[in-house]
Amino acid sequence: MTSIGAFEAKNKLGQLLDLVERGQEVTITRHGKKVARLVPMHPGFNREAARAAVRRLRERAEQRKFGHFDWTEWKSFRDSGRP
């Protein structure tokens with residue numbers, strides 16, 4: 001979490017909004033005391049949930065015995081028919 005003084009926050013509001021838009025929280029202080037907090041409207045990216053989803057996908061692929069994933073083969077499928 002980023003902490004910034006009120007005077008500096010006023011001058012850098014655009015930059016602070018960019019940080020918040022990327023999921024960070026910003027605390028605004030006045031004379032060293034916390035007075036406000038900027039937080040994203042929607043919760044940020046949840047890495048643990050994403051990792052759990054990937055783990056489930058891999059488990060299902062193993063259950064269905066899809067075998068090894070060959071990137072070169074799939075790239076050739078993707079590129080076939082392109083000029």
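State the three equivalent ellipsoid semi-axes of the chain, derived from the C-alpha gyration tensor as the square roots of 5 times its eigenvalues, in descending order and whole Å. List each step's numbers first, then the result.
Working: eigenvalues 430, 71, 12 Å².
Rounded to whole Å, the semi-axes are 46, 19, 8.
Within 10 Å of each residue's Cβ, count the other Cβ atoms and sort SER80, SER3 from fewest upward.
Numbers: SER80 7, SER3 13.
Placing the least packed residue first, the sequence is SER80, SER3.
The chain: which chymotrypsin sites (Phe, Trp or Tyr not before Pro) are DSSP loop and have at most 16 other beta-carbon atoms within 10 angstrom?
Values: sites: PHE7, PHE45, PHE66, PHE69, TRP71, TRP74, PHE77; in loops: PHE45, PHE66, PHE69.
Here the chymotrypsin sites (Phe, Trp or Tyr not before Pro) that fit, given the DSSP loop and packing criteria, are PHE45, PHE66, PHE69.
What net charge do the residues around LEU38 carry, taking every other residue with its C-beta under 15 Å from that of LEU38, with Lys and Arg at +1 and Asp and Glu at -1?
Working: positive: LYS10, LYS12, ARG22, ARG30, LYS34, ARG37; negative: GLU8, ASP18, GLU21, GLU25.
With Lys, Arg at +1 and Asp, Glu at -1, the neighbours total +2.
Which lysines, if any, have their Cα less than 21 Å from the Cα of LYS12, not counting same-chain residues under 8 positions apart?
Counting by Cα, and skipping residues close in sequence, LYS12 has these lysines nearby: LYS33, LYS34.
Determine the calculated [θ] at 222 nm for the chain from helices alone, applying -39500 (n - 2.57) to every DSSP H run no shorter than 4 residues and normalising by the residue count; nearest 500 deg cm²/dmol. Let's see the in-between values first.
Numbers: 4 runs with 41 residues, N = 83.
Here the helix-only value at 222 nm equals -14500 deg cm²/dmol.
Which of the trypsin sites (Lys or Arg not before Pro) found in the stretch 34-83 are loop residues per DSSP with 10 or fewer other Cβ atoms within 10 Å of their Cβ?
On the way: sites: LYS34, ARG37, ARG47, ARG51, ARG55, ARG56, ARG58, ARG60, ARG64, LYS65, LYS75, ARG78; in loops: ARG64, LYS65.
Here the sparse-neighbourhood loop sites are ARG64, LYS65.
If you take every residue apart from VAL54 with its C-beta less than 12 Å away from the C-beta of VAL54, what net charge results, scoring Lys and Arg +1 and Asp and Glu -1? Don't skip to the answer; put the middle values down first.
Details: positive: ARG47, ARG51, ARG55, ARG56, ARG58, ARG60; negative: GLU48, GLU59.
My count for the surroundings of VAL54 gives +4.
If the cut-off is 15 Å between C-alpha atoms, which aspartates and glutamates fall inside it for LYS65, apart from same-chain ones fewer than 8 positions away?
List returned: none.
Restricting the count to DSSP beta bridges whose residues both fall in the chain, what percent are antiparallel, rounded to a multiple of 5? Could the numbers behind the result be given before it?
Values: 5 of 9 bridges.
Taking every DSSP beta bridge with both residues in the chain, the antiparallel ones total about 55 percent.
Quick note: the coordinates plus some simple rules give every number you see, no bench work behind them. This is a predicted model, so every value here is computed, not measured. All Cβ positions, even for glycine, are placed from backbone atoms using ideal geometry, and neighbour counts span all protein chains on display.
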